[in-house]
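Peer 1: Starting off with a structure, shown below.
Derivation of every value follows stated rules applied to the coordinates shown; laboratory data play no part. On a predicted model such as this, the values are computed, not experimentally measured, just so you know. No Cβ is skipped: glycine too gets one built from the backbone with ideal geometry, and neighbour counts run over all protein chains shown.
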Amino acid sequence: MGSWRSRPVALVLILLAGLLAGILLRPTGYLKPAEDVVFTLFAPLQYSFHWVSTRITRGIETIRQLGTLQARVNELQQTVDRLMIENLRLREAEIEATSLREQLQFKLANPTYELLAAEVIGRDPSNLLHYILIDRGTEDGLALGMPVVTARGLVGRITTVYPHSSRVMLLTDPASSVNALIQSSRATGVVQGQGRGDLTLRYVEQNEQVQVDDIVLTSGLAGNFPKRLVIGQVRTVQRSDVEMFQEIVVQSAVDFDRLETVLVLQGFVPVD
Amino acid sequence: MTEGSAINPYLATASLLVIALLQTSAMPSLSWLGVMPDLMLLVVVSWSLLRGTREGLLWALGGGLFLDLLSGGPFGAATLSLALSSVITGMGEFNVVKDSLWLPLASSLLVTVVYNVAYWGILQATGRSLHTVYTLLRVMGPAIMVNALVMYPTYWAMRWLHQRAS
């Protein structure tokens, strides 16, 4: 038998016959088993070739882009930096907006108060004392004894006033005391700072009905604070037969460690 | 410790003023459990360890006055508490191994207790009734921790200043 090379006509005829068979058989489905065998055998090879060719193409592409790659990295880094700064700025703006919204709601709910917003610019250098420094003073119309609040409740009162700043004694300071009343029972007492986060309501007689979660407000007695400012909520009540008064712990809704902006009740003139 | 040549008084005053302002403005952001590091105390103690009791006491008096000006508490409370802390650091200086790596840490622990107890005593004496045990533990416990953490950076910064001044 001669080689295929010596019989090109026969080879062409066989291929043409195959082509014709394919054209005729594929629509009828008779070619499917043969196709399955071919694809089963060739699929792994096809995958390997595709994998290699893709890597080569990417490699060539990378080499081509190598000149511009560093510039692209720098450009993307700049974009990331810009977006990070923008993200931080937006987060700050969101916090500020929330704070301003709360202040606005407080102002709308208390239209009779003349309020002045102030930024907290410093704290007392001692951990045992609870004072803050705000960026408003006599030049802004502030005076000694003016109450300071946030939308969450009473913060304290101004104890020293300078031309452009003021010192505020927080409710938590041990020297702070505010005449208060329980909203539901109208029982009166004095809220004192303890040098820690919570406050103590003293001088409430044993026969007064005080429940946990009762709201504690300023009573306005003694004229140091206006009436009905929220101080906090009753957290615990201790009654004792041998004591004249109840021992009541009050939790303020104000986070005294994270004060950033406060409101000064300018219209209120304390009686000293 | 050997005492070097005295530091320029203007530089010392400016440094103490900056430290006092940092104490009231930047330190609250490093608070842990509501307690901030006593930067001025750590600076005074570091200076006492590096330059001796005399200079340490001078810094305690100068720094204390700035703190008292910025504080709402009784005037002199910070100055006296810092001075006492400085003197006690100076006394301990002769009894511990000099140049020990642990010396700043041990000093910060000791003076945090001394400073807070002294300050608390002055507040009590001036009519501010603090909830004794709770307040001391609530303030002193976290203060010991935060001061220990801030002590080494402070000590290294003061050592740099000490070497520049010598």
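Peer 1: Lys/Arg Cβ at +1, Asp/Glu Cβ at -1, dipole of segment A:9-109 taken about the Cα centre: which of A:Ala71, A:Gly18, A:Met84 is farthest positive-ward?
Peer 2: Result: A:Gly18.
Peer 1: Hey, another quick one. Find out how many positive minus negative residues lie around B:Val35, taking Lys and Arg as positive, Asp and Glu as negative, among other residues whose Cβ is under 10 Å from that of B:Val35.
Peer 2: With Lys, Arg at +1 and Asp, Glu at -1, the neighbours total -1.
Peer 1: For segment A:9-109, report the translational diffusion coefficient in µm²/s to the nearest whole number, using Stokes-Einstein at 37 °C, 0.692 mPa s, and a Kirkwood Rh over Cα pairs.
Peer 2: Stokes-Einstein gives a translational diffusion coefficient of 154 µm²/s.
Peer 1: Taking the Cα centre of the protein assembly as shown as origin and charging only Cβ (+1 Lys, Arg; -1 Asp, Glu), how large is the dipole, in debye to the nearest 20? It would help to have the intermediate numbers written out before the result.
Peer 2: Working: 33 positive and 35 negative charges, 378 e Å.
That gives a dipole near 1820 debye.
Peer 1: Provide the gained length on full extension for the span A:Leu88 to A:Leu100, in nm with one decimal, where the gain is 0.36 nm per separating residue minus the Cα-Cα distance.
Peer 2: Details: separation 12, 0.36 × 12 = 4.32 nm, distance 1.82 nm.
Taking A:Leu88 through A:Leu100 to full extension adds about 2.5 nm, to one decimal.
Peer 1: State to the nearest 20 debye the size of the charge dipole of segment A:116-265 about its Cα centre, where the only charges are +1 on K and R beta carbons and -1 on D and E beta carbons.
Peer 2: The dipole of segment A:116-265 has a size of about 200 debye.
Peer 1: If you look at just the Cα atoms of segment A:116-265, how large are its Rg and its Dmax in Å?
Peer 2: Looking at segment A:116-265, its Cα Rg and Dmax stand at 15.5, 53 Å.
Peer 1: Sticking with this structure for a sec: Cα atoms only: what Rg and Dmax, in Å, come out for segment B:46-138?
Peer 2: Computed over the Cα atoms of segment B:46-138, radius of gyration and Dmax are 14.0, 42 Å.
Peer 1: I want to make sure I understand the PRE zone here: with the label point 7 angstrom from the Cα of A:Met244 toward its beta carbon, which residues in segment A:172-200 have backbone N atoms less than 16 Å away?
Peer 2: Answer for this model: A:188-190.
Peer 1: In nm, to one decimal, how far is the modelled label at A:Ala143 from the one at B:Leu105, with both set 7 Å along Cα→Cβ?
Peer 2: My value for the distance between the label points is 5.6 nm.
Peer 1: Of the candidates A:Gly22, A:Gly193, A:Gly223, which one comes out as most mobile in a Gaussian network treatment of chain A with C-alpha springs shorter than 10 Å?
Peer 2: Looking only at A:Gly22, A:Gly193, A:Gly223, the largest GNM fluctuation is found for A:Gly22.
Peer 1: Label points 7 Å out from Cα along the Cβ direction at A:Leu221 and A:Arg186: separation in nm?
Peer 2: 1.3
Peer 1: Another question about this same structure. Can you put A:Ile95, A:Ile231 in order of Cβ neighbours within 10 angstrom, beginning with the fewest?
Peer 2: Values: A:Ile95 11, A:Ile231 24.
With the sparsest Cβ surroundings first, the list reads A:Ile95, A:Ile231.
Peer 1: Separate question: Assigning unit charges at the beta carbon (Lys, Arg +1; Asp, Glu -1) and nothing else, what dipole magnitude in debye, to the nearest 20, does chain B show about its Cα centre?
Peer 2: Here chain B has a charge dipole of around 80 debye.
Peer 1: Assuming a ≥ b ≥ c are the square roots of the Cα gyration tensor eigenvalues, decide whether segment A:46-95 counts as rounded (a/c under 1.5), prolate (otherwise, with a/b larger than b/c) or oblate.
Peer 2: Because a/c hits 1.5 or more and a/b fails to exceed b/c, segment A:46-95 counts as oblate.
Peer 1: Here is a follow-up. Regarding chain A, what whole-number volume in Å³ per residue does the convex hull of its Cα atoms give?
Peer 2: 364
Peer 1: Right, next: Relative contact order for chain A: what percent, with Cα pairs under 8 Å and sequence separation of 6 or more? Working shown, then result.
Peer 2: On the way: 443 pairs, mean separation 41.3, N = 272.
Relative contact order, chain A: 15 percent.
Peer 1: Output needed: percent of Cα pairs per 5 Å distance bin for segment B:10-78, bins running from 0 to the one holding the longest distance.
Peer 2: 3, 18, 25, 26, 17, 8, 2, 0
Peer 1: While we're on this one: Please report the projected area of segment B:9-165's Cα convex hull averaged over all directions, in nm².
Peer 2: Here the figure is 8.7 nm², rounded to one decimal.
Peer 1: A further question on this structure: Using Cα centres only, tell me the gap between segment A:188-233 and segment A:74-132 in whole Å.
Peer 2: 29
Peer 1: If one takes the longest principal axis of the Cα atoms in chain A, at what angle in degrees, from 0 to 90 and to the nearest 10, does the Cα axis of helix A:8-25 lie?
Peer 2: Helix A:8-25 sits at roughly 50 degrees to that axis.
Peer 1: With bins 5 Å wide starting at 0, give me the P(r) of segment A:78-171 over every alpha carbon pair, in whole percents.
Peer 2: Calculated over all Cα pairs of segment A:78-171, the distribution is 3, 12, 18, 18, 17, 13, 8, 6, 4, 1, 0 percent.
Peer 1: Restricting to DSSP H runs of at least four residues, report the calculated mean residue ellipticity at 222 nm for chain A, -39500 (n - 2.57) per run over all residues, nearest 500 deg cm²/dmol.
Peer 2: -13000 deg cm²/dmol
Peer 1: Based on alpha-carbon centroids, what's the gap between segment A:6-26 and segment A:37-53 in Å, whole number please?
Peer 2: 25
Peer 1: Where in chain A is the longest stretch that carries no GluC sites (Glu not before Pro) classed as loop by DSSP and with at most 15 other Cβ atoms within 10 Å?
Peer 2: Excluding the exposed sites themselves, the longest stretch runs over A:115-242.
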